[in-house]
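First up is the structure itself, then whatever we jot down about it.
The values are calculated or read from the model by the stated rules, or taken from the named source; none is laboratory data. Model, not experiment: these values are computed from the prediction. Please note: Cβ atoms are built from the backbone with ideal geometry, for glycine as well, and neighbour counts cover all protein chains shown.
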Amino acid sequence: MSAPVVPLPHGGGIPQLGFGTYKLAAADAEAAVRDALEAGYRHVDTAAMYRNEAAVGRALAASGLPREELFVTTKLDNPDHAPAAARAAFERSLSELGLDYVDLYLIHWPLARSTDYVRTWATLVEVAASGRARAIGVSNFTATHLRAIVDATGVVPAVNQIEVNPYLTQEPLRALHDELGIVTEAWSPLARGRVLVDPVVTGLAAELGPTASQIVLRWHLQRGDVVFPKSTHRDRMAENLDVFGFELDDAAMAAISALNRDERSGSDPEVVELDGGRG
């Protein structure tokens, strides 16, 4: 079964389950993306920061799939926030990917203390007007960052890609997303594997039959999150995609949500700066 499509606020839609390429070296990314596309994924998430856009582009081209069947996301790298640099970086990403347009272009980190992220957002608005980024959004933006860019430009991001998992459910930020009409994308949806050995999750897996990762991905999907797990193993790719044949009941959903610790697996957007962490 193909992934459901979540409507984007300014038109079009995004497949709710995609394939992530974070920390995939260029040498591995081409084969991994090729295998993911063969398994049935149609949404691929990459970033200039990952240094694998060219490999992703080669896999997309080799797939033979019609461009309109694919949804490709990439992101602006941290050193490229200034307007001229951002415009050049976008052109570079298109060239690396071998595409005429991307479906979604994101600011990767706000870098609030070292860049003018509002100005960066205004530059992405210009990029979107060209038609070569079908949608634009942000990643790792807090409520303060979101309100600042919307107040300044009147343009609401289509997506905010943030760390979300059962240990970091992000309820207040997700509520703001709902208020503004922003789609929540979840990076590190499995808490870098830590949640897969949690007794609540393993207990539900034993009771219901799906694997622990399928249980957690299904929790995300029923909450409305867009997710993009990563694997280089074909069997795990297929497993992660096979999450549409069952549902979690209210009790199971609540039990997983109750695992929240407000605990991050990755970097904190409030502290990441040009010389700081990445994610």
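Table for the structure above
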quantity: Condition broken by residue 50, with the remaining ones in (1) out of contact with any helix residue (DSSP H, G or I) (no Cβ under 7 Å at 6 or more places or on another chain); (2) without any contact (Cβ under 8 Å) to a residue 40 or more places away in the chain; (3) closer than 27 Å to residue 246 by Cα; (4) buried (at least 19 other Cβ atoms within 10 Å of the Cβ) satisfied; calculated: (3)
quantity: Where residue 265 falls short, out of the listed (1) among the small types (Gly, Ala, Ser); (2) at pLDDT 95 or above; (3) in contact with a Phe, Trp or Tyr (Cβ under 8 Å, 6 or more places away or on another chain); calculated: (2)
quantity: Residues (outside any loop (DSSP other than H, G, I, E, B), among the β-branched types (Val, Ile, Thr) and free of Cβ contacts under 8 Å to residues at least 40 places away in the same chain) located in the stretch 205-223; calculated: none
quantity: Count - residues of the stretch 1-28 that are in contact with a Pro (Cβ under 9 Å, 6 or more places away or on another chain), assigned to a loop (DSSP other than H, G, I, E, B) and of a type outside the set (A, V, I, L, M); calculated: 5
quantity: Inter-residue pairs, beta-carbon under 7 Å, first within 30 Å of residue 117 (Cα to Cα) and in the stretch 58-82, second in a helix (DSSP H, G or I) and of a type in the set (Asp, Glu), 6+ apart; calculated: 74/53
quantity: Criterion (farther than 17 Å from residue 93 by Cα and not in a loop (DSSP other than H, G, I, E, B)) met by exactly one of 60, 37, 65; calculated: 37
quantity: Single residue of 148, 212, 205, 191 found to be closer than 20 Å to residue 110 by Cα and either of a type outside the set (Phe, Trp, Tyr) or modelled with pLDDT under 95 (or both); calculated: 148
quantity: The stretch 224-246, residues that are surrounded by 18 or more Cβ atoms within 10 Å (Cβ to Cβ), among the β-branched types (Val, Ile, Thr) and assigned to a loop (DSSP other than H, G, I, E, B); calculated: 243
